[in-house]
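Below is one structure, written out as structure tokens, with a few remarks after it.
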Amino acid sequence: MCPWFESRWYHTQKTGGLRSACFILDLFQMKAALALPPEIHVDPQFKALRNWLDEHTPTSVVVVTDPLTEKCCLPLLNPHLPPGTQFLRLGQHGETIKSIEHAHALWDSFEGMGMDRHGLVIALGGGTITDLTAFASSTYLRGIDFWLIPTTLLSMVDASIGGKTGINFRGLKNRIGTFSSPVGVSIHTAFLDTLNAREMSNGWAEHIKHILLTSASAMELPWENTLSNAHSDAFEAAILHSIGIKAHIVNQDALETNGTRKTLNFGHTSGHALESWAIAQSEDLKHGEAVAWGMRVALKMSELHAGCPKSKPGDFDGVSRSLAELIPLPCVPPDATTLWERMRSDKKNLGDQVKVVLLDGPGCPKIDVTVALSDFEEALLQLPDA
Ligand SMILES: NC(=O)c1ccc[n+]([C@@H]2O[C@H](COP(=O)([O-])OP(=O)(O)OC[C@H]3O[C@@H](n4cnc5c(N)ncnc54)[C@H](O)[C@@H]3O)[C@@H](O)[C@H]2O)c1
Ligand SMILES: [Zn+2]
């Protein structure tokens, strides 16, 4: 039985030889039942962090930031840090920091400051800072404690939850990484006050993914209303709800062995391909923007693909249009074949096959659906406009 959701909404089923994890959950009914896993804290005063520090008395504490999170976010955290805390500010920000060179720079600094196995590393930033810092910490001295303080919407609802760390390699997203959980995660929505509108939309992509994966009524949600007012109760509830969904899915399949966690790759096979292409082309494209586009492709493939009989023509077009409106794609994607080559080299694919997550219907994801280049091309041709 799931500790933070009512158990009735989760079941798995076999469908036509393909595994399908089917989640049925009503967003509003579930709100009351929602509770966060023990290491995740709604922590505006950083009380959970301070308690942990008092209890564990680490030999050293270091906070990792990028130039923007140092400026915008560190002032909120600083008064709560113990004396002697050290600071490491990376010279760059954004996807470019998820590199072996930046991991090397962190390891170098850990060495230089005499970090031992009883130190604590605190990551203060978006998903790039939390992914990189968690990766460097989980590999240094075979793993030292780290605490995540996500400062973007995307990192709050997704990147800081679930224990995946990673850096990019040879232009491929998250090619190198570990499964390693933080000792704590502090959620403080005031950090979002300095985030621009584009970064906010970017974060909603992963939230909408969580809702599409789990809610039978995903198509009727008043997204725009809930998502536009950063200070409403509904806004904060949406963040916590998203965290709960991700944590619940991860809890079923922490190391991605039984398929449940794979559902989180919805929109990511073509999304990652587009993102990797954008990195190689120096195009300005954010992860959530790529995923929103990838979800639109996956929705169309769900509709067209014979293996997903519950979706009928036009079923998902409304959701797809809302996604395009809320999270517009800032670049023109390359041709299907270019992306297909990148989709084939996604670490989740075996050999030449491209396996994707599709939806049998809203709230009903289906993993390991094998698609061909022609399916992908057809979906791209039929994407509805915003
Ligand atoms: N580990 C996981 O499970 C997981 C899940 C989803 C995404 N991710 C990863 O997360 C990354 C994307 O994360 P992101 O969208 O947070 O991007 P990001 O970390 O690049 O942050 C976006 C930008 O906002 C700035 N910023 C951060 N917080 C700010 C604040 N409060 N005010 C003003 N500016 C701020 C950053 O400096 C950066 O320029 C991708 O690399 C993706 O692969 C990981
Ligand atoms: Zn993602």
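The values are calculated or read from the model by the stated rules, or taken from the named source; none is laboratory data. Every value quoted in this text rests on a predicted model; they were computed, and no experiment measured them. Quick reminder, even Gly has a Cβ in these numbers, built from the backbone with ideal geometry, and neighbours come from all protein chains shown.
Provide a single number: the residues in segment 128-143 that are surrounded by fewer than 24 Cβ atoms within 10 Å (Cβ to Cβ) and touching a strand residue (DSSP E or B) at 6+ places or on another chain (Cβ under 8 Å).
Here is the first cut: in segment 128-143, the residues surrounded by fewer than 24 Cβ atoms within 10 Å (Cβ to Cβ) are 138-143.
With the extra rule that they be touching a strand residue (DSSP E or B) at 6+ places or on another chain (Cβ under 8 Å), the set shrinks to 138.
Adding up the residues that qualify gives 1.
Inspect all residues belonging to segment 164-173 and state whether any of them is over 14 Å from the mean Cα position of the chain (by Cα) and buried (at least 22 other Cβ atoms within 10 Å of the Cβ).
Yes, segment 164-173 has at least one match.
Would a scan of segment 304-322 turn up a residue that is closer than 24 Å to Gly162 by Cα and either outside the structural domain of Asn168 (by TED's automatic domain parsing) or at pLDDT below 90 (or both)?
no
Show the residue pairs meeting these rules: Cβ distance below 7 Å; 6+ apart or different chains; first residue within segment 94-122 and more than 16 Å from ligand 1 (Cβ to nearest atom); second residue at pLDDT 95 or above and among the charged types (D, E, K, R).
If the second residue must be at pLDDT 95 or above and among the charged types (D, E, K, R), the pairs left are Leu120/Asp145.
If I ask for residues that are in a loop (DSSP other than H, G, I, E, B) and within 13 Å of ligand 2 (Cβ to nearest atom), which ones from segment 240-284 would you list? Even if it seems obvious, please write down each step before you answer.
To start, the set of residues in segment 240-284 that are in a loop (DSSP other than H, G, I, E, B) comprises 253-260, 266-267, 282-284.
Phe266, Gly267, listed by residue number.
Those residues that are free of Cβ contacts under 8 Å to residues at least 24 places away in the same chain and closer than 23 Å to Asp116 by Cα, I need them from segment 47-77; list them, please.
The answer is Asn51, Asp54, Glu55, Thr57.
Looking only at segment 166-180, decide whether some residue is among the small types (Gly, Ala, Ser), at pLDDT 95 or above and away from ligand 2 (no atom under 16 Å from the Cβ). Lay out the reasoning, then the answer.
The initial filter retains those residues of segment 166-180 that are among the small types (Gly, Ala, Ser), namely 166, 171, 177, 180.
Next, only the ones that are at pLDDT 95 or above stay: 166, 177, 180.
Still in the list and also away from ligand 2 (no atom under 16 Å from the Cβ): 180.
Checked against the condition, which is being among the small types (Gly, Ala, Ser), at pLDDT 95 or above and away from ligand 2 (no atom under 16 Å from the Cβ), segment 166-180 yields at least one hit.
Which condition number in (1) hydrophobic (A, V, I, L, M, F, W, C); (2) surrounded by fewer than 23 Cβ atoms within 10 Å (Cβ to Cβ); (3) touching a Lys or Arg at 6+ places or on another chain (Cβ under 6 Å) is the one that Leu76 fails?
Just one mismatch for Leu76, condition (3).
With the checklist (1) surrounded by 24 or more Cβ atoms within 10 Å (Cβ to Cβ); (2) within 11 Å of ligand 2 (Cβ to nearest atom) in hand, flag the one item Leu299 doesn't pass.
Result: Leu299 fails condition (2) only.
All but one of (1) more than 16 Å from ligand 2 (Cβ to nearest atom); (2) crowded, with 22+ Cβ neighbours inside 10 Å; (3) at pLDDT 95 or above hold for Leu359; which doesn't?
The number of the failed condition is (3).
Quick one: would you say Pro67 is surrounded by fewer than 21 Cβ atoms within 10 Å (Cβ to Cβ), within 19 Å of His188 (Cβ to Cβ) and in the same structural domain as Ile161 (by TED's automatic domain parsing)?
In short, no.
Give the residue that is nearest to ligand 2 (Cβ to nearest atom), with candidates limited to residues of segment 92-124 that are in contact with a strand residue (DSSP E or B) (Cβ under 6 Å, 6 or more places away or on another chain) and under 24 Å from Ile187 (Cα atoms).
Filtering segment 92-124 for residues that are in contact with a strand residue (DSSP E or B) (Cβ under 6 Å, 6 or more places away or on another chain) and under 24 Å from Ile187 (Cα atoms), the one nearest to ligand 2 (Cβ to nearest atom) comes out as Lys98.
Looking at Lys209, is it crowded, with 20+ Cβ neighbours inside 10 Å and either assigned by TED's automatic domain parsing to the domain that holds Glu70 or more than 16 Å from ligand 2 (Cβ to nearest atom) (or both)?
No.
What do you reckon, is Thr269 touching a Pro at 6+ places or on another chain (Cβ under 8 Å) and away from ligand 1 (no atom under 13 Å from the Cβ)?
no
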